[in-house]
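Step one of this worksheet: look at the structure below.
The values are calculated or read from the model by the stated rules, or taken from the named source; none is laboratory data. Keep in mind the model is a prediction, meaning the values are calculated, not measured. All Cβ positions, even for glycine, are placed from backbone atoms using ideal geometry, and neighbour counts span all protein chains on display. Ligands, DNA and RNA are stripped out before the accessible areas are found, and what is left, the full protein with its side chains, is counted by its heavy atoms. Shrake-Rupley method; radii C 1.70, N 1.55, O 1.52, S 1.80 Å.
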Amino acid sequence: MSTRTPDGQERGRPPVVLPAGPDALLVELGSGEETEAFHAEVLRRRAAGELPGVREVVPAARTVLLDGIARDTAGLARELASWRVPPLRRDTGELVEIPVVYDGPDLAGVAEAWGVAVAEVARIHAGTGFRVAFCGFAPGFGYLTGLPDRFHLPRRATPRTRVPAGAVALAGPYTGVYPRPSPGGWQLIGRMPDPAALWNPDREPPALLAPGARVRFVEAGTGASTSTSTSTSTSTGTGTGMGTGTGMGTGTSTGTGTSTGTGAGA
C-alpha cells in the first residue's frame, strides 16, 4: 500500500499487516495521517461492497484492526498491502456540532503558548474542522484531529486527579471532550454544557462520536444553543468499535480490539 499527497506524490512506508488471532488482521501504519486515510479507505470499500467478510473495523493511533474476517486472511493481508490509498478527505462524513463554553482553567496558558490573546483561542478552536480519528480511554471519548501543527501542545507536567465531565481539552495533535469525571493530564480550555450526549448506553449507537465523523465546536454561553446536533453530508460511513493505544500519561484505554500503535491517554 502507498498513500498519496494531494499533489499526487506517493509517501509513507508500506504498512505492516499482522495476524491478530485466527480471524483478524492488524495493519500498522507510519503516521496518524496515514492511519486516518487507510481507515477511511476501509470504510469506503466496505460501504461499496468491495470488502466482504469483515465484521468489525477498529482504528487506533497508528493501526487499523480488521476483525471477524470470514474469508482467507492471508489473501486479504496481501490485498491490503497492495492498496493505493487516496489522500484523506476531511470534508466528508457525519457532522457533529458540540457547544462549548471557553472558560477552562488552562485557557490563559494555552493562549500564551500559542502566542495569541485569550479570546483568540476560542476563535481558532471553534474555527477548526475536526475529525474523529479513533476512540478509547473511556466510553464516548474521541481523539479528534485537525489543529495545525503549530497549535499542538504537550500534556500538563502534572495531571489532575479529577477532570470534570464535559471538559474540552488539548494534548499533542488531539482535542477531546471528557465524557465523565476522571483523572487527566490534557490542557483544559472549555466545557461542554451537557456532556450526557457523549455516551448513552440506551441509545444505538451509544457513542456520539464515531471514527470518521466530522466535529465542529460551537462557542456557547452568549445566548447560543447548548444542544448537540448531528447532520450527514456526503459520507464515507462510520467505523465501529473503540481503538486502544498505549501511550503517555495516566490514561487507561478501555476499548476493544488489539493495538500496538501509539496513542495518548487523557
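Report the Stokes-Einstein translational diffusion coefficient (µm² s⁻¹, integer) for region 95-219, Rh taken as the Kirkwood radius over Cα pairs, at 37 °C with viscosity 0.692 mPa s. If you can, show how the numbers build up before the last one.
Details: Rh = 14.3 Å.
Translational diffusion coefficient: 229 µm²/s.
Can you put R131, R203 in order of accessible area, largest first, using a 1.4 Å probe? Please list the in-between numbers first.
Working: R131 5, R203 70 Å².
The ordering from most to least exposed comes out as R203, R131.
From the phi angles alone, apply the Karplus equation (6.51, -1.76, 1.60; θ = phi - 60°) to region 44-52 and give each ³J(HN,Hα) in whole Hz, x where the residue is Gly or Pro.
The phi angles translate into 5, 5, 5, 5, 8, x, 9, 9, x Hz.
Order of 24-31, 75-82, 107-114 by packing, highest average Cβ count within 10 Å first?
Numbers: 24-31: 20.5, 75-82: 14.1, 107-114: 16.2.
By packing density, highest mean first, the sequence is 24-31, 107-114, 75-82.
Only four residue types carry charge here, +1 at the Cβ of Lys and Arg and -1 at the Cβ of Asp and Glu. Report the dipole size of region 31-126 about the Cα centre in Debye, rounded to the nearest 20.
It works out to roughly 540 debye.
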